[in-house]
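A short worksheet on the structure shown next.
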Amino acid sequence: MSEEKRTKIILDCDPGHDDAVAIMLAAGSPKIELLGITTESGNQTLEKTTRNALNVLQWIGRGDIPVYVGCQGPMVREKMTAADIHGETGLDGPVFPPLELKPQKKHAVQYIIDTLMAGSGDITMVTTGPMTNLGMAIRLEPRIVEKIERIVLMGGSYQHGNVTPAAEFNILCDPEAAHVCFSCGRPVYMMGLDITRQVLCTPDVVERMKKIDNCAGRLFVDLMAHFCRTQKEIFGLPGGPLHDPCTLVWLIAPDVITTKPMYSTIDISHGESYGRTNCDFFSYLHKPQNVRVAYAVDVDGYWDVIEEELRRYS
Ligand code: BDR
Ligand code: CA
């Protein structure tokens, strides 16, 4: 393993097919130090997303990574799930052996607070689900804010949404939590649909990953069989947009994804555009540019990183 300094992260997720790939990248990359995984409801119920996170870790032989169970649902709005995309289990497709791993006893929000407070400001919060756990942690213990190195999230879109014309799923699941995080004052990097809709896992990508033929490659192929089918049925896409790993790909190979600072707010008005990320692409408003919004991705480079990281497994 290289002596290069690794980026310390907490991965907050709601697995989810694309979250599962993000977990594999986070757990395997020599550039990342995955301190812990926190779960919340999102793609499926909390119980199911937690089970899915544990199943993925067990499958890749990383039962040493602690998993903390988080919030049952959003701060204000009613709970949503994405069973249409991710299925009844939240991770339909792969068949896992009996689950032996168990989550930790400490609540995820408390784990986030304790870990950040004990840290020296060098921990990156990566979120690939609704931002409930992080938003709650900030509200419960505001002193953690200055301890967050940066927030890297998959969510939002400066263009259009994927659940309503305006809103993307992760943000719409808990717009109030996203508002707390976006406005906290620490650097925020938003990997939204604007780039994730460009990284479509088409059949040629699946064939390429099939050749890896290790535990990670096989799980990727099984995951994508279900995910790509539902993405085609619902959105008519020729391949599943591999949303969540964008966060890790950017941390591992920042040149692959280009960001632009923009003044960005969350619509928490409960109107038609509830949950929209309003990103001032052209700086019309001349307001402080609080979020670096991803707007371009080197698609070939993206798949190269995914393949390279999956190949690290045996
Ligand atoms: C996001 O929604 C979820 O269904 C995916 O896991 C991803 O985090 C994309 O809008
Ligand atoms: Ca997700």
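Readers should treat all values here as calculations from the given coordinates under stated rules, not as data from a laboratory. These numbers were taken from a predicted model, which means no experiment stands behind them. Glycine gets a Cβ as well: all are built from the backbone with ideal geometry, and neighbour counts include every protein chain shown.
Consider R218 against the criteria (1) farther than 17 Å from D14 by Cβ; (2) in contact with a Pro (Cβ under 9 Å, 6 or more places away or on another chain); (3) in contact (Cβ under 8 Å) with a residue 24 or more places away in the chain; (4) in a helix (DSSP H, G or I): it satisfies all of them except one. Which criterion is unmet?
R218 satisfies all of (1) farther than 17 Å from D14 by Cβ; (2) in contact with a Pro (Cβ under 9 Å, 6 or more places away or on another chain); (3) in contact (Cβ under 8 Å) with a residue 24 or more places away in the chain; (4) in a helix (DSSP H, G or I) except (3).
When you scan segment 254-263, do you find a residue that is of a type in the set (S, T, Y), farther than 29 Å from V305 by Cα and without any contact (Cβ under 8 Å) to a residue 12 or more places away in the chain, even just one?
Looking for residues that are of a type in the set (S, T, Y), farther than 29 Å from V305 by Cα and without any contact (Cβ under 8 Å) to a residue 12 or more places away in the chain, one finds none in segment 254-263, hence no.
Kindly provide the set of residues from segment 2-51 that are among the aliphatic types (A, V, I, L, M) and at positive phi, ordered by number.
Result: no residue meets the conditions.
Mind checking which residues of segment 273-303 are outside any loop (DSSP other than H, G, I, E, B), within 19 Å of the chain's Cα centre (by Cα) and crowded, with 18+ Cβ neighbours inside 10 Å?
T277, V291, R292, V293, A294, Y295, V297, Y302, W303
Would you check which residues across segment 126-147 are more than 20 Å from the chain's Cα centre (by Cα) and not in a helix (DSSP H, G or I) and list them?
E141
For segment 6-40, how many residues are surrounded by 21 or more Cβ atoms within 10 Å (Cβ to Cβ) and either assigned to a strand (DSSP E or B) or away from ligand 2 (no atom under 15 Å from the Cβ) (or both)?
Selection size over segment 6-40: 13.
Filter segment 70-93 down to the residues that are away from ligand 2 (no atom under 16 Å from the Cβ), of a type outside the set (D, E, K, R) and crowded, with 16+ Cβ neighbours inside 10 Å and list them by number.
M75
So V76 fits all but one of (1) over 22 Å from C215 (Cβ atoms); (2) among the aliphatic types (A, V, I, L, M); (3) part of a loop (DSSP other than H, G, I, E, B); (4) within 16 Å of ligand 1 (Cβ to nearest atom); what number is the exception?
Tallying (1) over 22 Å from C215 (Cβ atoms); (2) among the aliphatic types (A, V, I, L, M); (3) part of a loop (DSSP other than H, G, I, E, B); (4) within 16 Å of ligand 1 (Cβ to nearest atom), V76 fails exactly one: (4).
Being closer than 22 Å to D244 by Cβ and of a type outside the set (A, V, I, L, M, F, W, C) is the filter here; which residues of segment 105-127 pass it?
Answer for segment 105-127, where residues must be closer than 22 Å to D244 by Cβ and of a type outside the set (A, V, I, L, M, F, W, C): Y111, T115, T124, T127.
Confirm whether T258 is in a strand (DSSP E or B) and of a type outside the set (F, W, Y).
Yes; evaluated as a whole, the condition is true for this residue.
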